[in-house]
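This report concerns only the one structure given below.
Just so it is clear, none of the values below were taken in a lab; they were calculated from the coordinates. Remember, predicted model here, so these are calculated numbers, not experimental data. Using ideal geometry, Cβ is built from the backbone for each residue, glycine included, and neighbour counts are taken over all protein chains shown.
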Amino acid sequence: MGEIANMIVFYCMAAVIVISSILAVTSRRMLRAATFLLIVLICTAGLYLLLNYHFLAVVQLSVYAGGILILFIFAILLTSAKGDRTESQDTKRMVSGGLALVAGIGITVWATLKHKFLYGDNLTILGDQEINMKEIGNAMIGTGKYEYLLSFEALSVLLLTCAIGAILIARKR
């Protein structure tokens, strides 16, 4: 019964993620788009909890939903006037967006079909084992093959650039 309940929760969260993602991209009001993005980030944290990745769920909620999305909302509020709407897109952009969509779906389907998903054999999905926090910490700050220090440093430079850009844009107004 537990596996069936997990699958139901997974499909419900996946549906909410897909619908909210589409609404975030197609919404004409920027603050509503940010709200739909918040829903996507919260449901993604729910998927991490479903996989017993408690650390990643907390990071997802605190860093992305709590920090970066608040930065986006401040940037939106600082750079837009009340009632601003996005402009209508021309046909060329719609076609290029549609081609990117088809390519993304194709890559996702290819990767999904190529990978073997062993639901019953994965201990983290069944809740019998959780990854040790020391291993996660060593992987986060390590410089080896499957370690992520460089990506964290690149992300921090990107976020600093976004914050400086938002300040400059707000200062010009």
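For Glu135 and Ala14, compute 0.36 nm times the residue count separating them, minus their Cα-Cα distance, and round to one decimal in nm. Spell out each step's value before the answer.
Details: separation 121, 0.36 × 121 = 43.56 nm, distance 2.84 nm.
Full extension of this stretch gives 40.7 nm more.
How are the alpha carbon pair distances in the chain distributed across 10 Å bins from zero to the largest one, expressed in percent?
Spelled out bin by bin, the chain gives 8, 23, 36, 24, 8, 1 percent.
If the only charges are +1 at each Lys and Arg Cβ and -1 at each Asp and Glu Cβ, what is the size of the charge dipole of the range 132-173 around the Cα centre, to the nearest 20 debye?
380 debye
Viscosity 0.890 mPa s, temperature 25 °C: give me the Stokes-Einstein translational D for the range 1-87 in µm²/s, with Rh taken as the Kirkwood radius over C-alpha pairs.
Details: Rh = 14.0 Å.
After rounding, the answer is 175 µm²/s.
So what's the back-of-envelope 222 nm ellipticity for the chain, counting only DSSP H runs of four-plus at -39500 (n - 2.57) apiece and dividing by all residues, rounded to 500?
Result for the chain: -23500 deg cm²/dmol, rounded to the nearest 500.
How many lysine pairs are close in the chain, with Cα atoms under 25 Å apart and the two 8 or more places apart or on different chains?
Within the chain, the lysine pair count is 4.
Which of the helices in the chain, when you take each full DSSP H run, stretch at least 18 Å along the axis at their Cα atoms and have an average Kyte-Doolittle score of 1.6 or higher?
On the way: long enough: 2-26 (36 Å, 1.94); 30-50 (30 Å, 2.13); 91-114 (34 Å, 0.94); 149-172 (35 Å, 1.76).
Passing helices, by number: 2-26, 30-50, 149-172.
Return the FRET efficiency for the residue pair Trp110, Ser62: r is the Cβ-Cβ distance, R0 is 35 Å, and the value is rounded to the nearest 0.05. Walk me through the intermediate numbers first.
On the way: r = 33 Å, r/R0 = 0.95.
Rounded to the nearest 0.05, the efficiency is 0.60.
Using unit Cβ charges (K, R positive; D, E negative) and no other charged atoms, how large, in debye to the nearest 20, is the dipole of the chain about its Cα centre?
Using only the charged Cβ atoms, the result is roughly 1000 debye.
Given the options Val157, Ala24, Thr79, identify the residue whose Cα lies farthest towards the positive end of the charge dipole of the chain (+1 on Cβ of Lys, Arg; -1 on Cβ of Asp, Glu).
Projecting each Cα onto the dipole axis, the largest value belongs to Thr79.
Multiply the residue separation of Val25 and Phe55 by 0.36 nm, subtract the distance between their alpha-carbon atoms, and state the gained length in nm to one decimal.
On the way: separation 30, 0.36 × 30 = 10.80 nm, distance 2.83 nm.
Residue separation times 0.36 nm, minus the Cα-Cα distance, leaves 8.0 nm.
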